[in-house]
Amino acid sequence: MAADNTHSAPANPVDIPWDAVLEWGLALASTGLIVSGAIFVLAGALGVLRMPDFFTRMHAAGMTDTLGAEFILLGLMLQAGFSQMTLKLLLVAFFLFLTSPTATHAIANAALKSGLKPQLGPYKAPELSEIEGKTPSEGAH
Amino acid sequence: MVRYAIILALVMLLYWLTLSFYFEPLIVGFGIASVLFAVGLCYRMRILDSETVPYMHTMTTIGYFGWLFLEVVKANFAVVKAVLRPDMEISPTLLTVPTPQKTDIGKTMFANSITLTPGTVSMDIDDDGILVHALLAEMADPDDFVEMGQRAGFSVSEVSS
Amino acid sequence: MLSFIYAAGGPATISPPTLIIDIALMAMLVVVAFAIVRMRSLFAIVMLQGVYSLMCAAWFVTLDAVDVAFTEAAVGAGISTVLMLSAMLLTDRQSAPVGAKKSLGPLLVCVLAGAAMFYAIPDMPAYGDANSPANTGPGMEYMTAAVTDVEIPNIVTAVLASYRGYDTMAETVVIFMAGLGVLLLLGLNGNAGFWQAKVQGQNIFSLTAPRTRILTSTEDKPETEPPAPDEAAPPKPKPKRKPAAAKKRAAKKPAAKKTAAKKPAAKKTGGKGSAS
Amino acid sequence: MNSHLILRTVSKFLIPLIVVYGLYVHFHGDFGPGGGFQAGVIVAAAVVLYALIFGIDACKVAVPPSWIRIGMTVGVMLFAGTGVVTWLLGGAFFDYDVLKYDPDHPAGQHLGIICVELGVLFTVATVMVAIFYAFGSRTPDISDEDW
């Protein structure tokens, strides 16, 4: 993993353990990527729950499988290092980049063609006090 | 058609070797047989054309995907912010974006890029352009899509008007 | 909750993260199963079955049963969804409601079976226990023998194709029989027998069922044709299936849906491909 | 221009990749997860994808029903025939060792497993397509206007 940086280690006046730095850096970067991917997935899930209608929910769901999944795959690629696994993960990421927007488009198109009207115009989440009196089917989304 | 078949076979062989990583003669022979089967099936399905084999534009497409990924990351924060805000101020808007691309694959690239970018989903595509559903009103400006459309067209080696 | 599982499962040989993933997946499986039972829209049920299979596959991966997970993902979440949808197209989009009284018997059976399983949980060996019967019995002998007998890294394939060849042959025959049964009942072209279906109020008889029909004209689907389809075109199995009637139909391009009344006209031009 | 433009271009791009992936899964069943069952389903999925995009009639031109009918039987015959061959060569049914003798390696086992898995691949792939054809052909295609 640290092949290209090891040879420069003796030339350095201060003896920095580049191997360990690189290893820790990679581990940190991959962890950060995976965690941020997970955060995006969580935000997407929240969005699916909170959004008012089908098409806006689709945005949240689409966010999940673009950035969430891609970040997680990037993190896994960093962990795999230079190996066949990285190539395979790259292929997975590429296919995801290609197919997930297609799936989103297909679902949106099907909903549009079957006559679902998108809810347009400004929308604000209702205040908690507004929904309290109502039954769940009326108020909460 | 023969040209497409040869290119497809070569790319598929590369794909097989990437997946397999066994370089024994037997396994590679199986790989060649599989590739021939796949190309033969495509031939029978009559899909051996520039849409099935768009590998001539690989380099530009890789560059475009890099640019697109940065755009996706940038656009994501607006959507995440909109989703996580307690009052969740959104204003869904519909707009039609013209498609300057000539080929279908360029149009596909453009529409998929719009869908990939968070906050905009391409809902329908016809002669007029792409019907886009935008989550926020400030995302619904057709001028914002011009650069993406040009790049998407360029990535599949066509000059956009 | 965790301590309960640990107590039930024996010594704490499982690492907690895997256990948490297991529990989460099982909980989601239960939720999806309840949704499937409660739902009456068949379309949604088919989709949820795909979800169920996919989560099963994820769970099998955490149990290190990769081959099973792969099969489940490919068959359960992949092709069976399509087959179910195509079967659903022939029947209905909604299932008929079942009365509460009719569900009592199945409910009783489910509750009893579930209770029996919970009763049996303490006797289960812990996951990955080296002393469990699965790891000490004849299974281990195969695991060690396969290394020299078959010399294949994947033990599953060795057992499946070599040690249990009979079993796998019977499995293949079962799949073959399933296909054969469908073909005998419906026919590959979907018009064998005197079967009759009501698709969204439209009657489909064996006479009016659609036959194999070649793409009649280029303006019908201009995008689907390769640039030069006819030079070195693949051998068309039924070359003389470009009837005048079909051409006229395509040229006229009726905006209304193809009604069943038009089908008999096209019928005598149908090919030999029909299973008869 | 039809409204399935995006679906069409992406599916066309994916079909050869799916087929090669399925066969990769098949031929690497010895080394990792995979084998005839999974591979057959994946290859069938490519054909089904084509049928979903271009219509089942075009698909029947590309993959004629007669192939399907033959492929089903050929698969089972390949599987059982391997057993019969071992039988005729003097071994027991499915005793692959008599297929090819090699003092160092169980070469006969490899050969037998390859034949048997091919049989499974043929049967599973064609049966899946057959069931899809049988169900899918019963209703008329939904035209683009109604879609």
**Complete:** For segment D:69-143, using Cα atoms only, the Rg and Dmax in Å read 17.5, 63
**Separation between Cα centres of segment D:74-98 and segment D:24-67, rounded to whole Å** = 26 Å
**Exposure proxy ranking, count of Cβ atoms within 10 Å, fewest first, for A:Met77, C:Met39** = C:Met39, A:Met77
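Going highest first, how would you order C:168-175, D:98-105 by mean Cβ packing within 10 Å? All intermediate terms of the calculation are to be shown ahead of the outcome.
Values: C:168-175: 18.5, D:98-105: 11.5.
Answer by packing, highest mean first, reads C:168-175, D:98-105.
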**Item:** Residue-by-residue Karplus 3J(HN,Hα) for segment B:75-88, coefficients 6.51, -1.76, 1.60, Hz, glycine and proline x
**Value:** 6, 5, 5, 4, 5, 4, 5, 4, 6, 8, 5, x, 8, 6
**Request:** For peptide D:102-114, compute the average count of partner chain beta-carbon atoms within 10 Å of each residue's beta-carbon.
**Result:** 3
**Complete:** For peptide A:58-65, the mean count of other chain Cβ atoms within 10 Å per residue Cβ is 6
**Message:** Considering only C-alpha atoms, what is the centroid distance from segment C:70-140 to segment B:44-59, in Å?
**Reply:** 43 Å
**C:Phe118/B:Asp126 FRET efficiency (R0 45 Å; Cβ-Cβ; nearest 0.05)** = 0.20
**Message:** Sort B:10-17, A:82-89 by packing, meaning the average of other beta carbons within 10 Å per residue, with the highest value first.
**Reply:** B:10-17, A:82-89
**Prompt:** How big, in percent, is the set of alpha carbon pairs in segment C:11-118 lying more than 21 Å apart?
**Reply:** 51 percent
**Complete:** Computed from every Cα-Cα pair in segment B:2-45, P(r) in 10 Å bins starting at 0 and rounded to whole percents is 30, 53, 17, 0
**Fill in**
Note: B:15-21 gets an average of partner chain Cβ contacts (10 Å, Cβ to Cβ) equal to 6
**Packing rank of C:101-111, A:113-123, D:13-23, where each peptide gets the mean count of other beta carbons within 10 Å, highest leading** = D:13-23, A:113-123, C:101-111
**Request:** Provide, as a two-decimal number, the C-alpha radius of gyration of segment D:5-136 over 2.2 N^0.38 Å, N being how many residues it has.
**Result:** 1.24
**Request:** Can you find, among B:Ile114, B:Asn76, B:Ser91, the residue farthest towards the positive end of the dipole of segment B:57-155? Put +1 on the C-beta of Lys and Arg, -1 on that of Asp and Glu.
**Result:** B:Asn76
**Volume per residue of the C-alpha convex hull in chain B, rounded to whole Å³** = 143 Å³
**Complete:** For segment B:82-161, the Cα convex hull volume per residue in Å³ comes to 79 Å³
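Computed from the coordinates by the stated procedures, all read-outs in this text should not be read as laboratory data. None of these values were measured; they are calculated from a predicted model. All Cβ positions, even for glycine, are placed from backbone atoms using ideal geometry, and neighbour counts span all protein chains on display.
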